[in-house]
Amino acid sequence: MKTLEELYAAIGHLSMEGGWHRPQPSLWPEPTGTLEPAQWRYSQVKPILEAAGHLVDHHLAERRNLTLTNPKPGHWYSTVRTLVAAYQSIKPGENALSHRHTPNALRIILEGQGTYTVVNGTRVEMRPGDVLLTPSWHWHSHEAVGPDECFWVDVLDVPLVHLLEPMFFERHPDRFEPVRENVESSALAFRWEDSLRRLDAEAAAPAHGTAEREIELGSPAMKTTAIHVQRLGAGFKSPLHQTTANAVYTVLEGAGTSRIGGREFSWAKGDVLAVPGWQPFEHRVSADAHLVRVSDEPVMRAFDFLRSR
Ligand SMILES: [Fe+2]
C-alpha cells in the first residue's frame with residue numbers, strides 16, 4: 001500500500017473504519033436531539049378511537065391502540081428515544097387477552113368506569129386519573145364490564161428493549177389468566193385520590209422546578225421508568241429547563257401552552273406531549289392542571305447519564 005486511497009480501501013474491505021476518517025462524528029459536545037417535540041390532541045384522537053370501536057373489533061385487533069409515532073421524517077415507531085406511548089380504548093363487554101412481555105408498561109386512565117385489569121392474577125379496577133403498572137414479564141389482560149367505553153394512555157419502554165434486544169413476548173396458554181384475587185388497592189395501582197392527597201400535602205417545589213408541586217409514583221415505579229404527577233396552577237409559568245431524561249407528558253386536567261425545543265404547543269385534557277431529552281421546555285398554565293410525566297430517568301440515573309440545567 002503506497003497511497004491513502006489504497007489504505008482506506010484495505011480498511012473498508014475488512015469492515016473497519018479509521019476513527020480519523022469517519023464521515024460522521026461518533027462523539028459530540030452535548031445532545032443534539034434527533035427526535036422532535038410533538039403533541040397529540042385527545043379531541044382529535046377520541047373520535048378516531050370511537051370510530052375504530054365500530055370498525056375494528058377485538059377479533060381484528062387484540063388491543064385497540066393507536067401508537068404515537070414521533071413525527072421526525074423517516075422515524076417508524078417510538079414517541080421519544082426510549083419510550084412509546086399509545087392511546088387505547090376498550091368497549092363494554094370486550095376483553096383484551098392475557099399476555100406478557102419483557103417491556104415494562106403502564107396505563108394512565110383518561111375516561112370510563114367499569115374496566116378492570118388483571119396483572120399476575122390480581123384484578124383491579126382502572127379508574128380515571130389512576131396509573132396502573134405492568135412491570136416486565138407480568139401477565140396482563142383487560143376487561144370492560146361496566147357501562148362505559150374506557151380510554152387510556154399506555155406508555156412502554158419497548159424502544160429501549162428494541163435497542164438492547166432482550167425482547168420476549170408470550171400469549172397466555174389459557175387465553176385469560178385465572179383471577180386469584182380482586183383488590184381495591186395494589187402496589188401496581190396508583191389511585192387518583194391518593195395522588196391528589198399526596199399533592200395537597202407536598203411542599204411547594206423550589207423556584208427552578210418545572211411544576212408547582214410534584215410527587216413520584218413509586219421510587220421509581222419500574223426499573224426503567226419513572227412516573228411523576230405534577231400540579232401547575234392557572235397563571236404558573238415555569239423557567240426554561242433541560243434534562244437528558246426523555247419524557248412523555250399526559251394532561252390529566254387543565255390547559256396551557258408549552259414551549260418545547262422552540263415550538264409552541266397548546267394543550268388540554270387528554271393530550272400527550274413528547275419532550276425528547278435535552279430539548280429546552282417551559283410551561284405556561286391557563287387553567288389549573290395536573291400532568292403525568294413518564295420518563296427514562298431511572299435508566300439515565302443508573303448509568304450516570306442524568307444531567308439537567
Ligand atoms: Fe401488553
Using a simple spin-label model with points 7 Å from Cα along the Cα→Cβ vector, what separation in nm is obtained for L97 and A287? 4.1 nm
How high is the FRET efficiency between S308 and A234 when r is their beta carbon distance and R₀ equals 22 Å, given to the nearest 0.05? 0.25
Could you tally the net charge around K269, taking each other residue with its Cβ under 13 Å from the Cβ of K269, Lys/Arg +1 and Asp/Glu -1? -2
What does the net charge come to around T244 if you take all other residues with beta carbon closer than 11 Å to its beta carbon, with K and R at +1 and D and E at -1? 0
So the angle from the long Cα axis of helix 192-201 to the longest Cα principal axis of the chain, reported in degrees to the nearest 10, equals 70 degrees
Could you please state, rounded to a whole Å, how far the C-alpha centre of the range 65-99 is from the C-alpha centre of the range 208-232? 22 Å
The chain, helix-only ellipticity at 222 nm - DSSP H runs n ≥ 4, -39,500 (n - 2.57), divided by all residues, nearest 500: -4500 deg cm²/dmol
Residue-span extension gain [L7 to N182] - 0.36 nm each, minus C-alpha spacing: 56.1 nm
Report, to the nearest 10°, how far helix 4-13 tilts away from the longest principal axis of the Cα atoms in the chain, using its own Cα long axis and a range of 0 to 90°. 40 degrees
Mind listing the long-range amide H neighbours of L217? Cut-off is under 5 Å, sequence gap 5 or more, other chains count too, H placed in the peptide plane at 1.01 Å from N. I227, H228, V229
Quick one: which of 67-79, 154-166 comes out on top by average Cβ neighbours within 10 Å, and what's the full order, highest first? 154-166, 67-79
Helix 42-55 sits off the longest principal axis of the Cα atoms of the chain, rounded to the nearest 10 on a 0 to 90 degree scale, by 70 degrees
After finding the eigenvalues of the alpha carbon gyration tensor for the chain, what semi-axes result from the square roots of 5 times each, listed largest first in whole Å? 36, 27, 18
Dipole in debye (nearest 20) - the chain, about Cα centre, beta carbon charges: Lys, Arg +1; Asp, Glu -1: 500 debye
Summed side-chain charge close to R301 - residues other than R301 whose Cβ falls under 13 Å, Lys, Arg +1, Asp, Glu -1: -2
In the range 1-72, what GluC sites (Glu not before Pro) fall in a loop by DSSP, with at most 13 other Cβ atoms inside 10 Å? E17, E62
Give the separation of the Cα centroids, the range 119-157 to the range 238-304, in Å. 23 Å
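Quick note: the coordinates plus some simple rules give every number you see, no bench work behind them. Quantities reported herein were computed from a predicted structural model and do not represent experimental measurements. Using ideal geometry, Cβ is built from the backbone for each residue, glycine included, and neighbour counts are taken over all protein chains shown.
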